[in-house]
1. As a test of understanding, state the convex hull volume per residue of the range 261-337 from its alpha carbons, in Å³.
2. Tell me the mean residue ellipticity at 222 nm calculated for the chain from its helices only (DSSP H runs of n ≥ 4, each -39500 (n - 2.57), averaged over every residue, nearest 500).
3. If you consider only alpha-carbon coordinates, what radius of gyration and Dmax does the range 175-318 have, in Å?
4. Output the antiparallel fraction of DSSP beta bridges having both residues in the range 214-354, as a percent to the nearest 5.
5. Cα atoms only, the chain: Rg and Dmax in Å?
6. Under 20 Å between alpha carbons, and skipping anything fewer than 8 positions from Lys116 in its own chain: which lysines qualify?
7. Pairwise over distinct Cα atoms, reciprocal of the mean inverse distance: report the Kirkwood radius of the range 31-190 in Å, one decimal place.
8. Test of understanding: in a Gaussian network model of the chain with alpha carbons linked when under 10 Å, which of Arg57, Arg26, Arg245 would top the mean-square fluctuation ranking?
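Please treat every number below as a calculation from the coordinates, not as lab data. Predicted model only: the values in this text are computed from it and were never measured. Glycine gets a Cβ as well: all are built from the backbone with ideal geometry, and neighbour counts include every protein chain shown.
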Amino acid sequence: MVSPKCPHLGAAVGERECDSCGGRVRLKTFACSHPKTPDAVTLKECGACQHRPFSGRTLLLRHHLSPGDVLVMTAAIHSLHKAHPGKFRTAVETSADAIFEHNPDVITKADALAAKAERIEMHYPAINECNQRAIHFMQGFCEHLGVSLGVPLPLLTNRPHVYLSDQEKGWMHQVQEVTKRPTKYWLVCAGRKGDYTAKFWGLSAYQSVVDRLRGKVQFVQIGASDHHHPPLRGVLNLVGKTNLRQLIRLAWHAQGGLGGVTLLQHLMAAHEKPYACILGGREPVTWNTYPRQQTFHAIGALDCCQSGGCWKSRVVPLGDKDEKDNSLCRYPTFGEEAVPKCMAMISPAEVADRIAAFA
């Protein structure tokens, strides 16, 4: 039942087929007197309505780092509403607001500001302890939000949360637009940001995986056009050709994904899809592990990452006067491109074999 009862909610007036279950269940509908809502609503619709009286706390959560970080933050929002149902309303102001479209736990920024929302800058300070504690990235956001609100906030999910409307799910995705037929595919993010080079496995390693699985797996290369994404051979190249919602839909339709610790990793986790994560030794395994993901790492194999991630930024200096030039890999490996030794230790053959087991 809706609690507290909305004063606009009246008596039962009929029934309606449940859309989400395909009409197998019929739901009672109730009269609604609010002028901005339908005349008859289900109890679920009433509970989600932004026009209901609300006596709890309204929040505006702000975070302007990378889209991958923003996506991980959704786990904290999900956990907040699960741990404290009906006590909070949440809106967001981020660098990637498209991630929150159709999210039932998020109201509009305009409605939050109208309600004089509490503004909270979202961070994950627990990252400074992740080599000493078995803690996940998602829990880092939860701990910060819980402290900011003064409430206990355990992590109550094992993945980020992203939502597609039924209409979006029915749209033809970009791969099918190109191939003109239903196509099974894996997404691959084989590049890196320009400033963080220590997360790169190297183009030749990714190319080796693609070559080993030729005829078995159709790879679709994705990535932002302003990042470093050298083109792979034998793939469908969509680098720079997807906006964020298009990428979310591509990941939902994909069989799996391949890449480093990046937006694609968190997106495949949100969709509960397989992902081959090239981790190396930069970050601790517990900080980045998700169900259904295969994590290839070198933690414990080198003295620089003996008991946790090194968190270095670059392999060699870039000379751009960025402070990241002072955070360099101890063991650079030189080839087609300089990559960390912990990355070079990961075998493309092993990665390809693991993907083949899922494909």
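1. Spread over its residues, the Cα hull of the range 261-337 gives 118 Å³ apiece.
2. Using -39500 (n - 2.57) per qualifying helix, the result is -7500 deg cm²/dmol.
3. Looking at the range 175-318, its Cα Rg and Dmax stand at 15.2, 51 Å.
4. Beta bridges within the range 214-354, antiparallel portion: roughly 15 percent.
5. Over the chain's Cα set, Rg and Dmax evaluate to 22.8, 73 Å.
6. Counting by Cα, and skipping residues close in sequence, Lys116 has these lysines nearby: Lys87.
7. 17.8 Å
8. In this elastic network of the chain, the residue with the biggest mean-square fluctuation among Arg57, Arg26, Arg245 is Arg26.
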